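Single-structure report; data block below.
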Amino acid sequence: MKKAYLYTRVSTAMQVDNFSLEAQRAKILAQAKVDDIKIVGEYSDEGHSGKNITGRPAFQQMLTDIESRKDNVDYVKVFKLARFGRNAADAMNSLQLLKDYGVALYCVDDHLVTDGPYSGFMFNVMAGMAELERENILSQTMAGRKQKARTGGWNGGFAPYGYDLVDGQLIIREDEAVVIREMFKLYVETNLGANGVAKKLNELYKKNARPTGHLQRFAGSFVKVMVILFSEVPATVAVY
């Protein structure tokens, strides 16, 4: 009986429907049963990008086990090639390592097994398509985040100084907004620079504690970041 490793992966945005870890695993196991292939090891990376193998500990461990010939597997079985990797060059390098140890990649949903005469060509084409799909996803995600910000929405994390976060919307917090207004006034109307403005703010105001508990005083870096941030905030929610 042929032996295989099972590998599943989801990014944080893909843990739904047919891309969930359990859905991938179920389809791989079903196909392995049909092909009479024994799964001797399972590896899974949850919430990790397919851009490269860095940051994918389970994938790296799988490659290490292949190099050590731990189970002498014949295949690495994945649901789709995109789960193996979304960077074409990185995916090709990983595939070459598999080939060096006599292991073929089996992509269930893509009907691709890299042990045939034309499998290398098909792998290259599909790896390129997976990378292109990744770039499109990133582009669409960034466009959505920018549009959300333009309409006063917040894309995650703590609200910036000068705001409260209420139901995903930035609401002006007046006791902090006065500090931001003074900061801009000093930054525009004086030659103090960022560090000088921060020093003046510390003389005039006591900074409210942030949720992280860090940066108890105003700093030059705070002034620089806030100037950049508020230059991007839509007029409907601007505090200055």
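The values are calculated or read from the model by the stated rules, or taken from the named source; none is laboratory data. Predicted model only: the values in this text are computed from it and were never measured. When we count neighbours, we look across all protein chains shown, and the Cβ atoms used for this are built from the backbone with ideal geometry, even at glycine. To get the accessible areas, we keep the full protein, side chains included, count just its heavy atoms, and leave off ligands, DNA and RNA. Shrake-Rupley method; radii C 1.70, N 1.55, O 1.52, S 1.80 Å.
Annotation: lysines with alpha-carbon distance below 22 angstrom to residue 80 (same-chain offsets under eight excluded): 2, 3, 27, 33, 38, 51, 99.
On full extension, the segment bounded by residue 217 and residue 34 gains 59.4 nm, given 0.36 nm per residue less the C-alpha separation. Would you mind counting up the charge near residue 158? Only other residues with Cβ under 15 Å from its Cβ, with Lys and Arg at +1 and Asp and Glu at -1. After counting each charged neighbour, the total is +1. With all protein chains present, calculate the accessible area of residue 186 using a 1.4 Å probe and round the result to the nearest 10 Å². Looks like 20 Å² after rounding.
For residue 37, the shell of other residues with beta-carbons less than 10 Å away shows a net charge of +2, using +1 for Lys and Arg and -1 for Asp and Glu. For 165, 201, 97, the ranking by accessible surface with the largest value first comes to 165, 97, 201, using a 1.4 Å probe. For residue 221, the accessible area of its heavy atoms, probed at 1.4 Å with every protein chain present, is near 70 square angstrom.
Taking 190, 8 and ordering them by how much accessible surface each has at a 1.4 Å probe, largest first, produces 190, 8.
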